[in-house]
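Here the structure comes first, spelled out in structure tokens, and everything after it is commentary.
The values are calculated or read from the model by the stated rules, or taken from the named source; none is laboratory data. What you are looking at is a predicted structure, and each value in this text was computed from that prediction instead of being measured. Neighbour counts are summed over all protein chains in view; Cβ atoms, including those assigned to glycine, are modelled from backbone coordinates with ideal geometry.
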Amino acid sequence: MSAQDILVLAEVNQDAVADITFELLGGARELAGATGGQVVAVLLGHDVAKHAESLSAADRLIVIDDEQLADFSPAPYLAVLESLVGSEGPRAVLAGSTTIGLDVAPMLGAKLNAPVVNACQQVAVEGDLLKITAAICGGKVLAEVEVSASPAVLLILPGSFRPTEETGAATVESRPSPVELHRGAVTFEKMILPAPGDVDITQQDVLVAVGRGIQQEDNMKVAEELAAVLGGELAASRPIIDQGWLPTTRQVGKSGMIVKPKCFIALGVSGAPEHVEGMKDSELIIAVNTDPGAPIFDVADYGVVADLLDVAPALTEAIK
């Protein structure tokens with residue numbers, strides 16, 4: 001590994017590579033193109049070499065197989081990463097702003113005396129600097145950060161990078177753990193999964209989102225009909241979820257889901273920073289709101305100042 005390489009911490013959940021890993025590889029590919037280095041993925045676990053093909057977008061894949069890494073626990077993960085990053089010296093380490101990343105990355109930075117930047121939305125290379133945009137205060141403030149020290153540990157918000165579509169033939173390096181591993185104070189007991197059922201709005205090409213402007217639950221059907229004719233799914237801002245009109249799996253925003261559909265239609269959504277944080281990178285944003293000063297119009301590609309109860313049914317009929 002060279003000092004210009006970008007190291008990615010891959011995650012495996014329920015015996016499948018987590019979606020955030022492919023987003024991290026996409027971001028790492030952009031950064032490595034600017035630094036002139038390689039993308040190096042690190043996969044920790046037990047019996048995980050079978051996932052190597054899924055990570056072929058990396059130039060190199062380091063697989064550390066050990067029974068102590070079979071289920072995530074902070075101490076053994078940290079011990080392995082500290083050894084790997086310390087010896088290999090990448091320009092940056094990318095981890096997801098997930099349960100695993102948030103547990104490990106800050107401690108890794110402390111062990112290596114390396115800078116740690118959380119909630120990264122954008123990362124670019126400019127000369128010897130990493131220029132980072134990080135969301136703080138629940139997404140209400142965007143901080144512009146410059147990091148010159150190496151390695152830098154960056155926690156990337158889900159949805160910040162598009163998953164890489166590149167495939168290649170990553171060089172796979174299977175190794176035993178470089179250090180002796182021990183159980184830490186925090187250990188894995190069991191995985192408790194939510195009941196299956198609802199759709200994954202992060203994977204939809206079209207989303208129709210409703211906000212306070214829908215006024216009452218009976219009016220939800222106009223949004224449902226529009227989503228249906230577009231072949232999309234229904235989403236919502238937090239007030240609708242708090243009312244119990246849609247399940248939490250449909251919430252878009254900082255405390256919900258980060259989405260990047262091809263088309264996002266916001267019906268009666270005011271555009272609070274927390275909500276915008278979750279949908280601003282959609283390819284096409286169309287907003288309908290009676291308030292011409294609604295913040296949602298600041299991020300919309302097209303806006304209609306009108307009552308959604310007039311616009312949505314008319315649009316549905318026109319599409320039919």
Selection within the range 140-163 - assigned to a loop (DSSP other than H, G, I, E, B), in contact with a Gly (Cβ under 9 Å, 6 or more places away or on another chain) and not polar (S, T, N, Q): Pro151, Leu157, Pro158, Gly159, Phe161, Arg162, Pro163
Qualifying residue in the range 170-182 (condition: within 17 Å of His275 (Cβ to Cβ) and not in a loop (DSSP other than H, G, I, E, B)): no
Of residues in the range 88-129 being part of a strand (DSSP E or B) and either in contact (Cβ under 8 Å) with a residue 60 or more places away in the chain or among the aromatic types (Phe, Trp, Tyr) (or both), the one nearest to Asp281 (Cα to Cα): Val123
Qualifying residues in the range 12-44 (those that are crowded, with 18+ Cβ neighbours inside 10 Å and polar (S, T, N, Q)) - the one nearest to Ala170 (Cα to Cα): Gln38
Cross-chain or 6+ apart pairs with Cβ under 9 Å, the range 200-225 first and on the phi < 0 side of the Ramachandran plot, then of a type in the set (Asp, Glu) and not in a strand (DSSP E or B): Thr202/Asp19; Gln203/Asp19; Val208/Glu224; Gly213/Asp291; Gly213/Asp307
Residue within the range 53-73 that is more than 15 Å from Val17 (Cβ to Cβ) and of a type in the set (Gly, Ala, Ser) present: yes
Val80 being touching a strand residue (DSSP E or B) at 6+ places or on another chain (Cβ under 9 Å), in a strand (DSSP E or B), outside the structural domain of Ile258 (by TED's automatic domain parsing) and crowded, with 18+ Cβ neighbours inside 10 Å: no
